[in-house]
Structures are given as C-alpha cells and as structure tokens.
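Report on the structure given below.
Values in this text are rule-based calculations from the coordinates and carry no lab data. None of these values were measured; they are calculated from a predicted model. With ideal geometry, Cβ positions are generated from the backbone for all residues, glycine too; neighbour counts draw on all protein chains shown.
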Amino acid sequence: MADYRIPFSNRSHLYTDAEIDLVTGLMRNAKSLTQGVHQQTLETNFSEYLGTNYSFAVCNATAALEMAAQLCCFEDGHEVIVPAHTFTSSAYPFLKHGAKIVWADINLETGVVDAAELEKCISRQTKAIVVPHLYGYGADMVEIVELAKANKALVIEDVAQAIGVKVAERKLGTFGDIAVFSFHDQKNMTTLGEGGMIVVNNERFADVIPMLRHNGHCNYEMEREDYWLPAMGDLAVPMLEGTHLWPNNFCLGEIQCALASELLKRVDQINVEKRKRAIKFIDGLRNQSLLQFHRVNSERHNYHLLVAQVSGGRRDQIIRALAYNYGIQCAVQYYPLYRYPFYQSVGLGDAFCPNTDLFFDSMLSIPFAHSLTDSQIEFVRAAIQEVVDSV
Ligand SMILES: Cc1ncc(COP(=O)(O)O)c(C=O)c1O
C-alpha cells in the first residue's frame, strides 16, 4: 500500500486537553465503566441538543440500525425502501430482520434520496423508508415525512454523517420515527473510534430499547425480601406488536459516553469550520465545468465529506494524477449496493437507478477531515487546480 502524503482516511478531529483529561480522569476514578451515570447524562444531553425526548447511546450506528430494523416488526411480504447509494449498513439490517429491500434512486444534484424518487418505490407492502443524509447534507425531510405518513410507512433517518444539520429550522433526527447517529472515527464527532445513538419519537419504542440494547436485562417488578433472589435482575425478551424481539448487547462504555457529552458542546463549531473550509475550497477552484460541487452555505450541510462530480469521463485520470503525482488519496463512494456480489447473492442485484450509477461512476471524494491543517487543505486544493488545468 502506498504511503500517501494526504491519506483519505484521516481521523476526524483532534481532542482538546480538557477532553483528554476527562478520559484519563475517568480511567483512574470512574466507579463503573459501563451502564452508569455518564450514559444517562449523555442521553439527556443528546435529547436536549436535538430537541427530542428519547435518545439511547449505542456502540455504533450499525447497532442502532439493527435495532431500528427490529423495531419495524416486519411481517412476510413487508418492504423497506433504501437508496442504493449509501453505506451498506443502511440496508442489510433490514434484510436480516425479514424485509424485502426495494432500491431507490437518488437526486443527481444532491446525492441523497428525495420524495419524488421514493414515491416511485412505494407500494402497499412498504413498511419503512430509510433516508441517509449522505455527505452531511439533509434530505427533503418535510416532503418525505408527508409521503411516508400518507402511506403509513415508518421513516428511519440515517444521520450517521449529518449530526447538527438542520432542514426547515429543525435538526435532522427529529423528523423520522427512528434516527441513528454515528460517532465513528471519521465522523464530525468521534468517541475514541466507535459510538452512536438511536433516537425514537415515541414511548412504545423507547420502552423496549434499554432491554433490546442490553441482553434483556431489567429490574424485577415484584417486591423482594432478599435483593439477590431469585437473581440480581430480571431478564425479559422485549415485546412489540405481539412479537418477541431478540436482545443484543449494543452498549457504549462510560468513558465514551462522557466524552460524547463533552464533544456535543463543540460539534456545531466543528460543523461551522468544515462548512467554511468547504465553501472556501469550492470557491477557490477555477474550471468548475469539469468539477461540480454541491455548494450549500447553510446549516443544511456540515460537509462531513467534500465530494465533486467530474464531467467528461475524466474522474479516474484525476484520481490517478492526485495519487501518484501529489500523494493525495481520493476515494469514490458509494458503490451502488446492487452491484455488490453480496446483495446479488440474495436476489437484490436488479435495480433501475440511473442517477446512482452516474453519481458513482463520476464522483470524487476529497480527503476532508477536520484534523487536516489549513496548509494541508490548501495543498489539496492547489493540486486539484493543477491537475484540472492539465487534463
Ligand atoms: C450513512 C452511514 N450509515 C451508517 C454507518 C455506520 O456507522 P457505524 O460505523 O457507526 O456503524 C455509516 C458509517 O460510515 C454511514 O456512513
């Protein structure tokens, strides 16, 4: 593997001294390292941050999506609509838990799904719609929720890449029935590499999530003379719509929860800085007919990722020049899910998603971690300008 001067996968952001002191302090002093006060505090803080009622910390967004799929209680024939242009774990948990996936196409300009594309996929069997806010851009949630309500479908917002982003003055994650967040190493806020949240909008879901998340553990409801008998705690398989839900262990450790509460205080600032950088980067490039960016200078985009579409079939030529002449490792995202042998092997290889194909075949994702310095970002911008001028 080549040693790139600017690798694509840089850790998201650097920690402040206060955050490092918080972590080391807890390593020395915390009474418990899981299921404690920091988890409860984070859940309260996160709900306050979003403006919602029910938030639960989990070990990553994929775990949150697993639970989201369980909460849908799919029955035979149920369908879930998922854009084929997304990270794989927006999709496969729904397949595992019994739904048939129907691939939706995306809007070519924004890279995310919209109500018009979703409407083409709706049927009487549609039980849920998954909406990934990719790259940090918020999809048209007002129209999407309207469409879902009219068709009695649940909405699952995949906010893994878009924490803090607002649509119609409301934070993402507050529109759908269920929302998932990721604090993975490369997200705009990261809790030591892994972490996430699941957010729900109703008590019915909120009641079962603690058990679903933690092996079915709960308190005994009856009065007990001896607290240790018949066991310290009860075990219950959570029930929803008359169905047993299998429990999991998807907990997030106390240190990561405490760090998440601290990072929540500055994630908006990280978003502002990334957006400012992205706009400067985009506006600083000439020959925008070759590279087209989705330029959104508002809270609707946090520029978790900085992507462009390359016209004239020159994408791979540009990636090659950046990698081999400048040591800049760009990426292409996201391989249309129906092209993977995995999805083909389960009968999901067919789709009519021309925008998904075109977007993937022409897109370029530029290294854009918050931890990169201004001079590294400027080096990337200047290199892209030189390459674009020479192809
Ligand atoms: C859109 C999307 N959904 C879900 C995930 C899964 O997140 P995690 O790594 O926290 O499981 C990712 C991770 O990159 C993602 O980009």
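Values as computed for the structure displayed
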read-out	value
Candidates per GluC sites (Glu not before Pro) in the stretch 170-235, loop by DSSP, up to 13 other Cβ within 10 Å	E221, E223, E225
R0 of 51 Å, Cβ-Cβ distance A236-E109: FRET efficiency to nearest 0.05	0.60
15 Å beta-carbon shell around Q376, net charge (K/R +1, D/E -1)	+3
For the chain, size of Cβ-based charge dipole, Lys and Arg +1, Asp and Glu -1, in debye	1040
Percent of Cα-Cα distances greater than 24 Å, calculated over the stretch 184-327	60
Enclosed volume per residue, in Å³, of the convex hull spanned by Cα atoms of the chain	156
Rounded to 10°, Cα long-axis angle of helix 61-71 versus longest principal axis of the chain	50
Cleavage-rule hits, chymotrypsin sites (Phe, Trp or Tyr not before Pro), the stretch 152-191, DSSP coil, Cβ neighbours within 10 Å at most 15	none
Hull shadow area, averaged, the stretch 33-74 [alpha-carbon convex hull, nm²]	3.6
Alpha-carbon spread of the stretch 267-390, three principal axes, descending order, Å	47, 37, 24
Euclidean distance between Cα centres, the stretch 195-234 to the stretch 1-67, Å	22
